[in-house]
Amino acid sequence: MSSEVLKPKIFEQLKTVIDPDLHTDIVTAGFIKSVSITEQGVVDLTVELTIPTCPLQSKFKVEIEQKLLSIEGIKKVNIHFTSRKRAGVQVSQQNSLNQIHSVIAISACKGGVGKSTVASFLARALQRSGFKVGLMDLDIYGPSLPTLMNRPHANVAIIDEQIIPVEVDNLLTMSLGYILGDAPAVLRGPLVSTYTSQLIHQTEWGPLDFLIIDLPPGTGDIQLTLLQQVALDGAIIVTTPQTLSLVDVTRGILMFEKLHVPVLGVIENMSYFICDNCGKKHFLFGNGTADLQKRFGLPILANIPLLSNFHDASTKSAGEEYNTIWEPLIEQIQREMGKRRANTLSSPEVNIKGNELLIDWKDGKYSEIPLAKLRRACRCAYCVDELTGEPLLKPEEVPEDIKIEQIQPLGHYAVSIFWSDGHTSSIYPWDFLKSLVPPHP
Ligand code: ADP
């Protein structure tokens, strides 16, 4: 059968293969880059996935093969998978980070929540999943990687102005702590900014699937300066239920979004404790992050309990006994990254008309939300008590003629609004806006 006859049939079948994260078929999503058919009925297909480590690849492979082989005249299917390039790689990154598929920052609003521990064990779990991984500790306040890697006095080699990562059981690592060692605090200040830049731009990572960057906690100028130097594919916020402050999380989200870094989700650490005797989960500090999903539309990527043996990540097997936590976490991270990298997920379009916010949901439906109603519906920590859920904002305090000063979509999950009454912490997930004023055709 000729290629002209088979091609439409192939596309018809490919259009039935659905990406479960993008909720669209792989043809519409733009994944099919080339199709060629030989006279013997062999199909060569190039499929471009959003990220090279896409966990859906094997699912797509099986489904595509099965569907194309069901077409009469097709004998064999060869699929060549490629992936989209990272966006926004800056000139300064081209030497040191351009061979890295995905750069992910692990951040926290406060110190001591287990950010470095989670970053290290996540790096080990990624490594066990077969990825080539690097881990860079830029926590200037207390670099803990040397301790976690059991390398308190690592010697850092510099060859041709390139900093060579310290390899610890096949994991490439670099930490300010390796360089500053036990330098007294007074010396650290001035050295820190020089060294962080050098670590970012001159560490010779070589080709990696993932580089995990452990950021200093907080959302201040230091973090901003660091973030401006690296093109990140995504950020993950680590928090614990007892330190969870929605005000801080809001600041964190806004910091990343300002720099166009998608926040992939939140990891809740020290969520619960599992009793040795009865195996029951005890939520000692309540279930704080459940609220995050509702308030910000952000996925909770994992809930990590209090764990024993959670302080030594110096071997590849570190944390292996907790694979039931890492495996779904890794899959979720990759899928969230894929969603962010796909250009096909179109965010709704927002416009202000008079005293209403008009939302075009891009599916033929629209919502018009009166601005005063929207302001009164704000659920930030200043407007709704984060512990009790009691409203703090009195509806009568909101003037009917309130205006929007600034509006900024946050990824494809929410929109941030700065109001004329000086309120700047409103984040409305799209789903919440849909429930506030149901869309109509
Ligand atoms: P951060 O990087 O946020 O400052 P660290 O990763 O240094 O925090 O962790 C602070 C302390 O908490 C460390 O002693 C670490 O071993 C411990 N820790 C972190 N997460 C857990 C956990 N899930 N279970 C038990 N101990 C933990």
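The values are calculated or read from the model by the stated rules, or taken from the named source; none is laboratory data. Being a predicted model, the structure only gives us computed values, none of them experimental. With ideal geometry, Cβ positions are generated from the backbone for all residues, glycine too; neighbour counts draw on all protein chains shown.
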Could you tell me whether residue 260 is without any contact (Cβ under 8 Å) to a residue 12 or more places away in the chain and not hydrophobic (A, V, I, L, M, F, W, C)?
no
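Do you know which residues across the range 19-39 are acidic (Asp, Glu) and in a loop (DSSP other than H, G, I, E, B)? Outline the logic, then answer.
Going through the range 19-39, the residues acidic (Asp, Glu) turn out to be 19, 21, 25, 39.
Within the range 19-39, 21, 39 meet the criteria.
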Given the criteria within 13 Å of the ligand (Cβ to nearest atom), of a type outside the set (D, E, K, R), buried (at least 20 other Cβ atoms within 10 Å of the Cβ) and free of Cβ contacts under 8 Å to residues at least 40 places away in the same chain, does residue 271 qualify?
yes
Qualifying residue in the range 202-218 (condition: surrounded by fewer than 22 Cβ atoms within 10 Å (Cβ to Cβ), modelled with pLDDT of 80 or more, farther than 26 Å from residue 334 by Cβ and within 15 Å of the ligand (Cβ to nearest atom)):
yes
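Conditions tested, residue by residue: (1) within 16 Å of the ligand (Cβ to nearest atom); (2) more than 20 Å from residue 137 (Cβ to Cβ); (3) in contact with a Ser or Thr (Cβ under 9 Å, 6 or more places away or on another chain).
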| position | (1), (2), (3) |
| --- | --- |
| 221 | no, no, no |
| 233 | no, no, yes |
| 238 | yes, no, yes |
| 247 | no, yes, yes |
| 258 | no, yes, no |
| 276 | yes, yes, no |
Tell me whether the range 40-60 contains one or more residues that are in a helix (DSSP H, G or I), modelled with pLDDT of 90 or more, more than 16 Å from the ligand (Cβ to nearest atom) and surrounded by 15 or more Cβ atoms within 10 Å (Cβ to Cβ).
yes
Check the range 109-123 and report whether any residue there is more than 10 Å from the ligand (Cβ to nearest atom) and either at pLDDT 90 or above or of a type in the set (Lys, Arg) (or both).
yes
So is residue 409 surrounded by 17 or more Cβ atoms within 10 Å (Cβ to Cβ), under 23 Å from residue 234 (Cα atoms) and in contact (Cβ under 8 Å) with a residue 24 or more places away in the chain or not?
no
What's the number of the only condition in (1) modelled with pLDDT of 90 or more; (2) more than 15 Å from the ligand (Cβ to nearest atom); (3) not charged (D, E, K, R) that residue 158 fails to meet?
(1)
Looking at this structure, is residue 93 touching a Gly at 6+ places or on another chain (Cβ under 7 Å), more than 16 Å from the ligand (Cβ to nearest atom) and either of a type outside the set (A, V, I, L, M) or at pLDDT below 85 (or both)?
no
